[in-house]
Amino acid sequence: MMRKLKDDVLLCLIYLAAFLAEFLLIGILAYVFVRGFPHISWHFLTTVTSILEGTVGIAGNIVNTIYMVVLTLAIAVPVGIGSAIYLNEYARPGKVVRLIEFTTQTLSGIPSIIFGLFGMVFFGVTLGLGYSILTGALTLSLMVLPLITRNTQEALKAVPESYRNGAVGMGAGKWYMIRTILLPSAMPGIVTGIILAVGRILGESAALLFTAGSGYFLPRSFGGWFHKLVESGGTLTIQLYLSMEKAQYDTAFGIAVVLLGMVLCLNLVTRVMVSRFEMPKYTDAGGR
Amino acid sequence: MSQNKISTDKLNLYYGDNHILKDITIGIRAKAVTALIGPSGCGKSTFLKSLNRMNDLIDGVRIEGTVYLDGKDIYGPQVDVTRLRKRVGMVFQQPNPFPMSIYDNIAYGPKVHGVKSKERLDEIVEQSLRQAAVWEEVENQLRKPALGLSGGQKQRLCIARALAVEPEVLLMDEPTSALDPASTLKVEELINRLKRKYTIIIVTHNMQQAVRVSDDTAFFLLGEMVECGTTDRLFARPTDRRTKEYITGKFG
Ligand SMILES: Nc1ncnc2c1ncn2[C@@H]1O[C@H](COP(=O)(O)OP(=O)(O)OP(=O)(O)O)[C@@H](O)[C@H]1O
Ligand SMILES: [Mg+2]
């Protein structure tokens, strides 16, 4: 009887904890949404802030964010997947590989402001790229590289050895086997890594403030869209940070809603993509 | 020796310091089934893999002696390993279809070797599946994932996949050990039909299976080839005491 009571009490506590956690999360989301949504307008989304006219707009920041995500991925994804393939399939297992793996893991735990410091000094000053989207993207590439490499590597490790033997036993060359068997089987893991990377890029402020800066203008000419790469450009998160600093809370909440929307979309897209790639999982494909 | 498809001459293989295959000299008759028997760990799989150079993939393997395929040394400097593996195909103990459709599984090998035309691939897929006696069971689901098939169907699919590149030799490493009796029977029937066209080497732990499917048998023990000969003779009148003890189940 006592035991039953104890179980019940414990169960109640667990429910309470779960409820609290859920409630807090939903509460925060709801609060941000309620505060921010009224400030989102077509004008807010499609123009840039004008001091002369006294209007506020984040179009430039949206464009900067897209540039930052695309450019960072364009650098980090090939390098990350490439190094994962090298480490897993070509390098001889041993001390060096373990050292690299260890470094990669450590790298993913470094505070992002340190990447910002390095990026500013190395890409910005030494390489002379200054405050620019390019400097920011290079910095962020370093930051998200471990995410992509590690997820790809884990996914490659999970591909059964029997697939490799099957392909090679049929005369497939190593690279052909990697392209046709390994990479497709590892795709869900790779996509997961990329999505995590996008999440970090969207949310990053410390590493970008002193590398990509806070420019918020839209290009005025066709060439400007290319020139943008070497101009300063603040992402939505940077703009959010700056708005908070200036106590412009309405704008801040407006941006927050846009960011949340992006993250939500991202998650939906991921799910669809991963489920597309996912092959039915039957266990008897043979061990390693 | 001229009717031998494969022969080895003093083949020695080492994994690091371990001497795994010791002075193996054997001739494998063309268009016949040769069974390799012997206790676990005696080197049957290792020997099989040395016939299409699958051991090349493993670090620290050293090979001495020669393996001839149609009289040519397969470890020679001019040998194209891709060509070799096309001629000498392999079926593994665990059915290992790729995580793709049945069709793509069969078409994989031909594509590796440069077949591009859709009609030709369609043809090969049907032909191979028919040869491996699974066509009737899968003809309406060629686009479905191969991983959804039963164990026995998977293994016959893997045999079809190996046949799709038109090999001359088929190496089978315990192809039925993961299968139920009914599927095993089907695969054995299949082997009996395939030997008209292919040279087959099969590793098995099952003496009855060796008797049922093979023309010749070779008995391995601790890395040595103790005895080989026609299956009828070897099982009826083994010349070596160790062979006799093994086939009568004294050890193993
Ligand atoms: N990759 C490897 N590295 C080192 N040693 C190996 C490797 N593969 C096999 N061996 C060793 O080689 C010997 C022969 O192994 P092999 O797999 O050829 O035996 P087998 O006759 O096929 O056995 P089974 O009937 O259990 O399949 C064993 O002693 C094994 O430990
Ligand atoms: Mg074996």
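The values are calculated or read from the model by the stated rules, or taken from the named source; none is laboratory data. All of these numbers come straight from a predicted model, not from anything done at the bench. Every residue, glycine among them, receives a Cβ derived from its backbone with ideal geometry; neighbour counts consider all protein chains shown. Areas reflect the complete protein model, heavy atoms only, side chains present, ligands, DNA and RNA absent. Shrake-Rupley method; radii C 1.70, N 1.55, O 1.52, S 1.80 Å.
Scanning region B:14-55 for residues that are of a type in the set (Gly, Ala, Ser), within 23 Å of B:GLU245 (Cβ to Cβ) and not in a loop (DSSP other than H, G, I, E, B) yields B:ALA35, B:SER45.
For B:THR82, the conditions (1) within 16 Å of ligand 1 (Cβ to nearest atom); (2) over 22 Å from B:ARG156 (Cβ atoms) are fulfilled apart from (1). Remark: A:SER243 matches the filter, which requires a residue to be touching a residue at least 12 places away in the same chain (Cβ under 8 Å), surrounded by fewer than 22 Cβ atoms within 10 Å (Cβ to Cβ), more than 23 Å from A:GLY128 (Cα to Cα) and not charged (D, E, K, R).
Results for (1) on the phi < 0 side of the Ramachandran plot; (2) surrounded by fewer than 16 Cβ atoms within 10 Å (Cβ to Cβ); (3) within 17 Å of the chain's Cα centre (by Cα), shown as yes or no for each residue.
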{"residue": "B:LEU11", "(1), (2), (3)": "yes, no, no"}
{"residue": "B:LEU36", "(1), (2), (3)": "yes, no, yes"}
{"residue": "B:PHE47", "(1), (2), (3)": "yes, no, yes"}
{"residue": "B:SER50", "(1), (2), (3)": "yes, no, yes"}
{"residue": "B:GLY76", "(1), (2), (3)": "yes, yes, no"}
{"residue": "B:LYS86", "(1), (2), (3)": "yes, no, yes"}
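Quick one: count up the residues across region B:116-132 that are hydrophobic (A, V, I, L, M, F, W, C) and either in contact with a Phe, Trp or Tyr (Cβ under 6 Å, 6 or more places away or on another chain) or open to solvent by 40 Å² or more (accessible area, probe 1.4 Å) (or both). Total meeting the criteria: 2.
Within region B:80-100, is even one residue over 18 Å from B:LEU163 (Cα atoms), more than 16 Å from ligand 2 (Cβ to nearest atom) and out of contact with any strand residue (DSSP E or B) (no Cβ under 9 Å at 6 or more places or on another chain)? So far as region B:80-100 goes, yes, one or more of its residues are over 18 Å from B:LEU163 (Cα atoms), more than 16 Å from ligand 2 (Cβ to nearest atom) and out of contact with any strand residue (DSSP E or B) (no Cβ under 9 Å at 6 or more places or on another chain).
Mind checking which residues of region B:182-195 are at pLDDT 90 or above and open to solvent by 70 Å² or more (accessible area, probe 1.4 Å)? B:LEU185, B:GLU189, B:ARG193 - these are the residues of region B:182-195 that are at pLDDT 90 or above and open to solvent by 70 Å² or more (accessible area, probe 1.4 Å).
Every test in (1) more than 13 Å from chain A (Cβ to nearest Cβ); (2) closer than 30 Å to B:GLY151 by Cβ; (3) in contact (Cβ under 8 Å) with a residue 24 or more places away in the chain; (4) within 16 Å of ligand 2 (Cβ to nearest atom) is passed by B:VAL33 save one, and that test is (4). Pairs meeting the criteria (first residue in region B:56-79 and within 16 Å of ligand 2 (Cβ to nearest atom), second residue in a loop (DSSP other than H, G, I, E, B) and not charged (D, E, K, R), beta carbons under 9 Å, at least 6 apart or on different chains) are B:VAL61/B:GLY16. Quick test of your reading of the structure: A:ILE14 fulfils all but one of (1) open to solvent by 30 Å² or more (accessible area, probe 1.4 Å); (2) within 26 Å of A:ALA137 (Cβ to Cβ); (3) more than 18 Å from the chain's Cα centre (by Cα). Name the failing condition by number. Answer for A:ILE14: the failing condition is (2). The criterion of being open to solvent by less than 80 Å² (accessible area, probe 1.4 Å) and assigned by TED's automatic domain parsing to the domain that holds A:GLY233 does not hold for A:LEU99. If you go through region A:128-144 one residue at a time, do you hit one that is open to solvent by less than 60 Å² (accessible area, probe 1.4 Å), more than 14 Å from chain B (Cβ to nearest Cβ) and under 30 Å from B:ASN55 (Cα atoms)? For region A:128-144, residues open to solvent by less than 60 Å² (accessible area, probe 1.4 Å), more than 14 Å from chain B (Cβ to nearest Cβ) and under 30 Å from B:ASN55 (Cα atoms): absent. Residues of region B:155-177 that are open to solvent by 10 Å² or more (accessible area, probe 1.4 Å) and either within 16 Å of ligand 1 (Cβ to nearest atom) or more than 15 Å from the chain's Cα centre (by Cα) (or both): B:ASP173, B:GLU174, B:THR176, B:SER177. Within region B:89-107, restricting attention to residues that are in a helix (DSSP H, G or I) and open to solvent by 10 Å² or more (accessible area, probe 1.4 Å), which residue is farthest from ligand 1 (Cβ to nearest atom)? Among them, the one singled out is B:TYR103.
A single entry from A:GLY173, A:GLY94 fulfils the requirement of being closer than 30 Å to B:CYS158 by Cβ and without any contact (Cβ under 8 Å) to a residue 24 or more places away in the chain: A:GLY173.
Here the condition is being within 14 Å of chain A (Cβ to nearest Cβ), within 13 Å of ligand 1 (Cβ to nearest atom) and small (Gly, Ala, Ser); of B:GLY38, B:GLY43, B:GLY60, it holds for B:GLY60 alone. Given the condition part of a helix (DSSP H, G or I), free of Cβ contacts under 8 Å to residues at least 12 places away in the same chain and acidic (Asp, Glu), answer yes or no: does some residue in region B:229-243 qualify? Among the residues of region B:229-243, at least one is part of a helix (DSSP H, G or I), free of Cβ contacts under 8 Å to residues at least 12 places away in the same chain and acidic (Asp, Glu), which makes the answer yes. Of the residues A:GLY261, A:GLY223, the single one that is over 19 Å from A:PRO38 (Cβ atoms), free of Cβ contacts under 8 Å to residues at least 12 places away in the same chain and open to solvent by less than 60 Å² (accessible area, probe 1.4 Å) is A:GLY223.
Conditions tested, residue by residue: (1) under 27 Å from B:GLY27 (Cβ atoms); (2) part of a strand (DSSP E or B); (3) within 16 Å of ligand 2 (Cβ to nearest atom).
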| residue | (1), (2), (3) |
| --- | --- |
| B:GLY152 | no, no, no |
| B:ALA160 | no, no, no |
| B:PRO167 | yes, no, no |
| B:SER177 | yes, no, yes |
| B:LEU185 | no, no, no |
| B:ARG193 | yes, no, no |
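Scanning region A:165-179 for residues that are farther than 19 Å from A:ALA91 by Cβ and either of a type in the set (A, V, I, L, M, F, W, C) or more than 7 Å from chain B (Cβ to nearest Cβ) (or both) turns up A:ALA167, A:MET170, A:ALA172. For region B:138-150, taking the residues that are among the small types (Gly, Ala, Ser) and open to solvent by 30 Å² or more (accessible area, probe 1.4 Å), the one that is farthest from B:TYR103 (Cα to Cα) is identified as B:SER150. Residues in region B:133-145 include none that are closer than 29 Å to B:LEU69 by Cα, outside any helix (DSSP H, G or I) and within 15 Å of the chain's Cα centre (by Cα). For region B:216-252, a tally of residues being polar (S, T, N, Q) and surrounded by fewer than 20 Cβ atoms within 10 Å (Cβ to Cβ) returns 3.
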